[in-house]
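Quick notes on the structure that follows.
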Amino acid sequence: MDLRHYIIKSIRSYYKRKLAAPIIFLAALVLLSFIFPIRSILAPKNITDSDSIETLYSKRVRYVSGTFTNAYFTGYRKRFMNRTNGYYYYVMHGDECIILLLKPDTCQSGEPKLDQVTINAKIIRNSHSEKELLKNLAKDLSWNTRGLTNSVSMCMLSEPDGDGTSARLLRFIYLFFIIYSFVSLFLSLLFIAFPKLSPPVLRLSSYGNPVKMLDEAEEELETLPQLATEDMFITQHYFIETSKYGIAIVPISEIIWIYKYSTLHKILWHHFAISYTLYITAKKKIYIKCPKNTKTNIDGIMDYLAEANHDILVGFSEENRRKVEKVQNDFGWIEKLKNILSKKV
């Protein structure tokens, strides 16, 4: 095995593998944008008088924003579970009359006339209830039902659907996953290009200069490794893990607790394998987990670490856990909070 610059190579390989997830996710989002109106949700189209609502709907534009003048209340409301969640208005938009379903706050719970209203809305096809509304509206206005139906667009604008809680949540989820994918992709590319900026290396800053410690670990691993398994190495001063689950470098002198945990793998009632996980706790709240190893490899690593640093606690026990908890001061903030609350004002 060529151990020259092995840690740097392992860091690059690890983040190259991590490129797959954001690339696949971004590809899935692009594919979904052709199936669902994602782009319309993220950036609602600003409509003008020249835009036909039905034409936009036929082009798969679902979410829009716009300003309308002289909107009149129809006298009808939309109710759900004994709660009014929308008020129906009609307004002239270019050459067509369209129905607006406005949120109660937008129309002051049924203001007879709105001189101007700006909304974010979703274009939806008039449902059976909206068609019944047009019939009733024709009677109220003493208009011909056929004439009114022909004059009113077959699509309406619903503010509760376009700017309600569900729409905002959907918009947030899409944006979150897009941003998360791009950030993950950017960071993986950054760490591939500059491995010394990656978290496994920067984590060493808790104990000193991370770059110098990385160079020292690389030199020791290349010239004289003390113990080596498939993905774990011990040099004179460092424990190193380079598995597909992560990269870890920690000075042996900073390790305070090591123990192993076994996992029984089975399918239904058939037990087919046992794997072992090595847990390492180091000072400055550094925790390392090396999963899916063999008992022989982990026992060898633990024996060597215990021999190299006699202060290391070996094995899981309540006594060891309490000792480590005291050293790490994991719950120190609780004590500080108690002290603050106990002080007299």
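The values are calculated or read from the model by the stated rules, or taken from the named source; none is laboratory data. Everything numeric here is computed off the predicted structure, so don't read it as measured data. Virtual Cβ from ideal backbone geometry, glycine too; neighbours counted across all protein chains shown. Each accessible area value is taken on the protein alone, full model and side chains, heavy atoms only, with ligands, DNA and RNA left out. Shrake-Rupley method; radii C 1.70, N 1.55, O 1.52, S 1.80 Å.
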Write out, first by first residue and then by second, each pair whose Cβ atoms fall under 8 Å of each other, whose residues are 6+ apart or on separate chains, and whose first residue, in the stretch 229-249, is crowded, with 17+ Cβ neighbours inside 10 Å while the second is of a type in the set (Ser, Thr, Tyr) and part of a loop (DSSP other than H, G, I, E, B).
247/198
Residue 285 fails exactly one of (1) out of contact with any strand residue (DSSP E or B) (no Cβ under 7 Å at 6 or more places or on another chain); (2) within 22 Å of residue 262 (Cα to Cα), namely (2)
Residue 172 fails exactly one of (1) aromatic (Phe, Trp, Tyr); (2) modelled with pLDDT under 95; (3) open to solvent by less than 50 Å² (accessible area, probe 1.4 Å), namely (3)
Which pairs have Cβ atoms under 6 Å, sit 6 or more apart or on different chains, and link a residue in the stretch 266-280 that is within 22 Å of residue 231 (Cβ to Cβ) to one that is among the aromatic types (Phe, Trp, Tyr) and modelled with pLDDT of 85 or more?
277/261; 279/259
Residue pairs within 7 Å by beta carbon, gap of at least six or interchain, first lying in the stretch 87-104 and more than 13 Å from residue 69 (Cα to Cα) and without any contact (Cβ under 8 Å) to a residue 40 or more places away in the chain, second open to solvent by 10 Å² or more (accessible area, probe 1.4 Å) and in a strand (DSSP E or B), listed first then second, are 87/73; 87/77; 104/84; 104/87
With the requirement that a residue be part of a helix (DSSP H, G or I) and without any contact (Cβ under 8 Å) to a residue 60 or more places away in the chain, what does the stretch 1-18 give you?
9, 13
Quick one: in the stretch 199-221, of everything that is in contact (Cβ under 8 Å) with a residue 40 or more places away in the chain and under 24 Å from residue 17 (Cα atoms), which residue is most open to solvent (accessible area, probe 1.4 Å)?
203
In the stretch 271-311, the residues that are assigned to a strand (DSSP E or B), surrounded by fewer than 18 Cβ atoms within 10 Å (Cβ to Cβ) and of a type outside the set (Val, Ile, Thr)
271, 272, 273, 275, 279, 287, 289, 291, 292
Given (1) loosely packed, with under 11 Cβ neighbours inside 10 Å; (2) part of a strand (DSSP E or B), index of the condition residue 92 fails:
(1)
Apart from one, (1) on the phi > 0 side of the Ramachandran plot; (2) in contact with a strand residue (DSSP E or B) (Cβ under 7 Å, 6 or more places away or on another chain) all hold for residue 106; the odd one out is (1)
Log entry, pairs with first residue in the stretch 305-322 being closer than 19 Å to residue 235 by Cβ, second being of a type in the set (Asp, Glu), beta carbons closer than 9 Å, six or more apart or on different chains, reads 309/254
Residue under question is residue 40, and the condition is that it be of a type in the set (S, T, N, Q) and modelled with pLDDT of 90 or more; does it hold?
no
Those residues of the stretch 312-322 which are among the aliphatic types (A, V, I, L, M) and open to solvent by 20 Å² or more (accessible area, probe 1.4 Å), in sequence order:
313, 314
Would it be correct to say that residue 78 is open to solvent by 20 Å² or more (accessible area, probe 1.4 Å) and in a helix (DSSP H, G or I)?
no
Can you confirm whether the stretch 120-132 contains a residue that is open to solvent by less than 10 Å² (accessible area, probe 1.4 Å) and either touching a Gly at 6+ places or on another chain (Cβ under 6 Å) or at pLDDT 80 or above (or both)?
yes
